[in-house]
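**Q** Can you read through this structure? Questions will come right after.
All of the numbers you see were taken from the coordinates with simple rules; none came from a lab. No experiment lies behind these values; they were computed from the predicted model shown. Virtual Cβ from ideal backbone geometry, glycine too; neighbours counted across all protein chains shown.
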Amino acid sequence: MVKHLHSVLTLVLGFFSVAASAQAPATVTKPDDGYYRIVNARQRTDGKQYVYVTGKIAAQPNATKAEATTLPGTIIHLKTTVNGSNSEWLDVKKLRSQGVDVINGYLNPAIEQVNETLKNRLKAQLGQFEGTAAYYAIDAEVIGKWDLDMHMQPVTTPDGRTAYYAFATVPSMKPVCSFYKHYTTGALGVLFGPSVKAAVKGVSMGLFNALEANNPDKVWDKVLKLALAKIESSPYAGTDIANVVKRYIKADRINQGQTYYLISGGLKKVTVGNKAFDPANPTGTSHNEYDGTLPKFDFVNNNSTDQWYGPELPVTGDAAMWILEKVDDINYFGVKPSANMKGRDGKYYTTLYVDFPFKIVGDVKAYTIEGVDAKNAQGYYFAKVKELAQQGDTVPAQTAVVLECNSTNPADNQLLPTGDEKPKTSNNRLCGTFFGGSINGLTVKDGAGNDYNVTHDNIRAFNINTADSRNPIGFYKVKSNVTNIPGNKAFLVLTNAEAQAKSFVLEFEDGGTTGIETIENSKRSTDDGVYYDLQGRRVENPTRGIYIVNGKKVVIK
């Protein structure tokens, strides 16, 4: 049971969601399921208001609108339903970005896992029959009375925009106390009391004493201490969200049965002498103050019974309100190739690896890499390029691609997120990672699902070789002082045999290569009327085939 409470605590507080206000309509209008950006309603001077997912349990409202245009981590897949008991609320059913689904990937599986752990532990303590009965009793009388969903409630901002509150409620300990008393006193206490008490003592004597006193607040205090110890030893120790939870615990700001709202910024509690909060004299008495100096998440309550500092939510204002911005042709997502990655034909190349499937809206082509070729007579190795999609087509989710663009302007290279994150198996050799990380120790998959342990020796990053007169675009060995690989980019990971080659130039299906087509400084390519084959060799008497003349592709039939 205690493990379950801890999981609920960390997961309910550990989310990045969207928000709304007290002026809620009688019945909420559910937003369309789909892809959104989440932007805080408070106008920051630095413009950092967009939620940006930067890790598996790391996100902050720390991106500007201009930055969000090209950051896949600002794109959130959101699905909601109208709450069954409160028509003014939405229940969040999917909240996914960068491969992380807070609801279906963390919250629901964790609840299911601790439920199973609780069931097995009760069976071990009480026996098969009594343990199973105890579990179903706890599920009905305790867990079933808790609200474990994340919610959104619509609100209108002071300047008339539609926004949402994002909130969740910490479980009340009253059902826990009632359940404990029910099965440790009276007739049931004779049957189950010794076993139940022994089980609780095995977890914590402090928890046992709090339950014996039938004091929900003291029970919660003990649960928090256990939760804090668990957080300190968890993989999330030291993360921003873990630090927020720890700060709340140490400041005695997380209370059982209380609802918490997500805000951008922070809250300061100002103590004035020994004077409790007086709404008629807020600054002259102890009170809450909003601190919006940093674009970070925090949580506040709306506890009107707080007699010392007063309720927190009214102080934060529109910092607790979040706007859903649909990703579309106005609030678009696009790619921005480097101006250095320009081919002879004026095309620009970049790579992309994102969680969501996308329809190509701009004049863009997407390619996969189907394999690598051996060295040719000129000493070049080639990465075999295959066209996957062009304007109007859809690239499946989690497909690492090379993109060919006509411009470096993201507005010209729009990619519209669409559909669900269901990857398709392919022969694509490209790999990618959602979050930047250390090269050594990184594990990735290619399109066929093959696992690769990435090292400096076997990774080849997308780049252009300016030391080569042809400036070929391809995949190159990284320098020894490069320790990290960026997120949302595609790269090759080679077998031991393939890794003997330091670089691979792009070779397209028609035989064209960026080693030829991306010539920027090659004198041979600009000699008027001179023919070269696709391997860059001069041809005196060209016959049928594809040649390069004056840096352009020519077909002789």
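**Q** Based only on Cα atoms, what Rg/Rh ratio does segment 2-326 have, Rh being taken as Kirkwood's radius?
**A** Checking Rg against Rh, the ratio lands at 0.99.
**Q** Relative contact order for segment 148-197 using alpha-carbon pairs under 8 Å, separation at least 6, rounded to a whole percent?
**A** The normalised contact order for segment 148-197 reaches 23 percent.
**Q** Just going by the charge dipole of segment 2-326, with Lys and Arg at +1 and Asp and Glu at -1 on Cβ, which of ASN209, ALA242, GLN43 is farthest out on the positive end?
**A** ASN209
**Q** If the chain between ASP363 and GLN307 were fully stretched, how many nm would it gain, using 0.36 nm times the residue separation less the Cα-Cα distance?
**A** Stretched out fully, the ASP363 to GLN307 stretch lengthens by 14.1 nm.
**Q** What's the magnitude of the charge dipole for segment 348-504 around its Cα centre, counting Lys and Arg as +1 and Asp and Glu as -1 at the beta-carbon? Answer in Debye, nearest 20.
**A** Using only the charged Cβ atoms, the result is roughly 360 debye.
**Q** To continue, here is another question. Considering only DSSP beta bridges with both partners in the chain, what is the antiparallel share in %, to the nearest 5?
**A** 95 percent
**Q** So how strong a dipole does the chain carry about its Cα centre when Lys and Arg Cβ are +1 and Asp and Glu Cβ are -1, to the nearest 20 debye?
**A** Around 1000 debye, computed over the chain.
**Q** With +1 on the Cβ of every Lys and Arg and -1 on the Cβ of every Asp and Glu, and nothing else charged, how large is the dipole of segment 2-326 about its Cα centre, in debye rounded to the nearest 20?
**A** 640 debye
**Q** Now a separate question. Over the Cα atoms of the chain, Rg to Rh with Kirkwood Rh, two decimal places?
**A** 1.09
**Q** Helix-only estimate, please: 222 nm mean residue ellipticity of the chain, summing -39500 (n - 2.57) across DSSP H runs of length 4 or more and dividing by its residues, to the nearest 500.
**A** Per the formula, -6500 deg cm²/dmol.
**Q** So, one more: Which Rg and Dmax, in Å, describe the Cα atoms of segment 348-504?
**A** 15.3, 46
**Q** May I pose another question? Please tell me the relative contact order of the chain in percent, rounded to the nearest whole number, where contacts are Cα pairs under 8 Å and at least six residues apart.
**A** Relative contact order of the chain: 12 percent.
**Q** Do you know the relative contact order of segment 187-337, to the nearest whole percent, from alpha carbon pairs under 8 angstrom that are 6+ apart?
**A** Relative contact order here is 16 percent.
**Q** Please compute the net charge surrounding PRO158, taking Lys and Arg as +1 and Asp and Glu as -1 over other residues with Cβ under 13 Å from its Cβ.
**A** Here the count lands on 0.
**Q** Enumerate the helices in the chain for which the Kyte-Doolittle hydropathy averages 0.0 or more and the C-alpha atoms extend at least 18 Å along the helix's axis, using complete DSSP H runs.
**A** Helices meeting the criterion: 186-203.
**Q** Please pull out the direction-averaged projected area of segment 194-352, using the convex hull of its alpha-carbon atoms, in nm² to one decimal place.
**A** Mean shadow area of the hull around the Cα atoms is 16.9 nm².
**Q** Long-range amide H contacts for PHE358: which residues qualify at under 5 Å (H placed 1.01 Å from N, peptide plane, sequence gap of 5 or more or a different chain)?
**A** Hits under the 5 Å cutoff: VAL395, THR418.
**Q** A further question follows. Would you mind checking the pairs LYS79/LYS424; LYS359/LYS422; LYS225/LYS246; LYS30/LYS93 and listing those with alpha carbons more than 20 angstrom apart?
**A** Over 20 Å Cα-Cα: LYS79/LYS424.
**Q** Tell me which aspartates and glutamates have Cα within less than 14 Å of LYS375's Cα, excluding those fewer than 8 residues away on the same chain?
**A** Answer for LYS375, where 14 Å is the Cα cut-off: GLU498, GLU507, listed by chain and number.
**Q** Considering the dipole of segment 2-326 built from charges on the beta carbon (Lys and Arg +1, Asp and Glu -1) around the Cα centre, which of LEU224, VAL142, THR305 is farthest to its positive end?
**A** LEU224
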